[in-house]
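FYI, it's all coordinate maths here, none of it is from the lab. Source: prediction; values computed, not measured. So basically every Cβ, Gly included, is an ideal-geometry build from the backbone, and we count neighbours across all protein chains shown.
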């Protein structure tokens, strides 16, 4: 593995958002581990990623498949890309491997069937659930919830920004660097409590997408970066 | 008064956001009433508005000052622009005058001193507080929380969008028309529960403004309007 950049694991990395981020990070030269509860699914996702990268002339992508626990153990930054209903169980299963690391929480607390309606959890946000569950030894950073996943498949910069919330500024800065490497502007957006704004905005974007037949994203205006 | 367009009252209309919206709506030909608990403050705001409009060559602005109750009584669309700590008492005082009308709630549930931290109320959002308090006879529409007020003083289109939440689609459409008249794009953003996303985003924008020394706003991307 390449040690000049952090090794990134994506747990639940077999969906559209996880594989889209993985592909962009691989193209930026990061080492990736695709994690899944089901190793075969992770292997299939890695094979698909290799094909997509080969189409772009990249034959040496540094990516492998693992079960979620091994993926969390082997990475220094771990990204959680699972449905809200699996957030707590997945975090419990990898908690011991996350000490001293950054956990990027992409969880959106959608409550089916009304996913276009904001229904935040009692704890305030999925980001706060993760931070409470993992304790202060893990830097939870909430990000990427508002990225319109279909556009991740495209090449070049994305017309959406990433709002990065977490209690540790250096950890936020590391995730901002990853967002930029994936083709997005990203902003320090405050402590982990502020994840509520971004998570709730996802339901607004789902509503807008239904209403206007779009793949909407969010941009911050009025800030020079 | 001019009856071709709805008469708009702005309660707590003496601040930067209220007078900024009032000026833009007056320039678009609406009839405005500036309401305040303190009639003298409302009269001063109206005098200031007349001066600002005179500088732009407009001498016949249709605007007057009233106490909040009279303002709510005389208007068909009532805008609430007061601090969160005055939201409930102001709504209680004008509740009887709002039946059958649209109440535009601009309240952001900031909890000083940590206004850059999301701290949503137990009811979910200030918008839901207003709808619960006023009952189904009033169409509460939540809007304008994310407008960077300093930019309202400028002329021309604003580089921010308005997310419009409320349970009645026609009422949302009326508020979208008002946002557009004031120089902003506006979107149907879902039921009143979704106000939580927009209200919470205000704390994120306050954090961003401190961090990046900006007057940040939000734009929706990927939607043709």
For the stretch B:159-175, what are the residues that are surrounded by fewer than 24 Cβ atoms within 10 Å (Cβ to Cβ) and in contact (Cβ under 8 Å) with a residue 60 or more places away in the chain? B:159, B:171, B:174
Please determine, by comparing only the residues of the stretch A:93-130 that are within 19 Å of residue A:196 (Cβ to Cβ) and away from chain B (no Cβ under 14 Å), which one is surrounded by the most Cβ atoms within 10 Å (Cβ to Cβ). A:105
Taking residue B:195 as the residue in question, decide whether it is outside any loop (DSSP other than H, G, I, E, B), surrounded by 16 or more Cβ atoms within 10 Å (Cβ to Cβ) and away from chain A (no Cβ under 13 Å). no
Does residue A:111 fit the bill of being touching a residue at least 12 places away in the same chain (Cβ under 8 Å) and touching a strand residue (DSSP E or B) at 6+ places or on another chain (Cβ under 6 Å)? no
Given the conditions (1) in a helix (DSSP H, G or I); (2) under 24 Å from residue B:114 (Cα atoms); (3) under 17 Å from the mean Cα position of the chain (by Cα), and given that residue A:164 satisfies all but one, which numbered condition is not satisfied? (1)
Output the residues belonging to the stretch B:139-158 that are more than 14 Å from every other protein chain (Cβ to nearest Cβ) and crowded, with 16+ Cβ neighbours inside 10 Å. B:139, B:140, B:141, B:144
Spot the failing condition for residue A:222; the list is (1) more than 7 Å from chain B (Cβ to nearest Cβ); (2) out of contact with any helix residue (DSSP H, G or I) (no Cβ under 7 Å at 6 or more places or on another chain); (3) on the phi > 0 side of the Ramachandran plot, and only one is missed. (1)
Which of the following residues is out of contact with any strand residue (DSSP E or B) (no Cβ under 6 Å at 6 or more places or on another chain), surrounded by 15 or more Cβ atoms within 10 Å (Cβ to Cβ) and over 30 Å from residue A:121 (Cα atoms): A:56, A:23? A:23
Go through the stretch B:172-190 residue by residue and tally those that are within 17 Å of the chain's Cα centre (by Cα) and facing chain A (nearest Cβ under 8 Å). 3
How about the stretch B:176-190: which of its residues are in contact with a strand residue (DSSP E or B) (Cβ under 6 Å, 6 or more places away or on another chain), surrounded by 20 or more Cβ atoms within 10 Å (Cβ to Cβ) and in contact (Cβ under 8 Å) with a residue 40 or more places away in the chain? B:186
If I ask for residues that are more than 26 Å from residue B:151 (Cβ to Cβ) and either in contact (Cβ under 8 Å) with a residue 40 or more places away in the chain or assigned to a helix (DSSP H, G or I) (or both), which ones from the stretch A:208-225 would you list? A:209, A:210, A:211, A:215
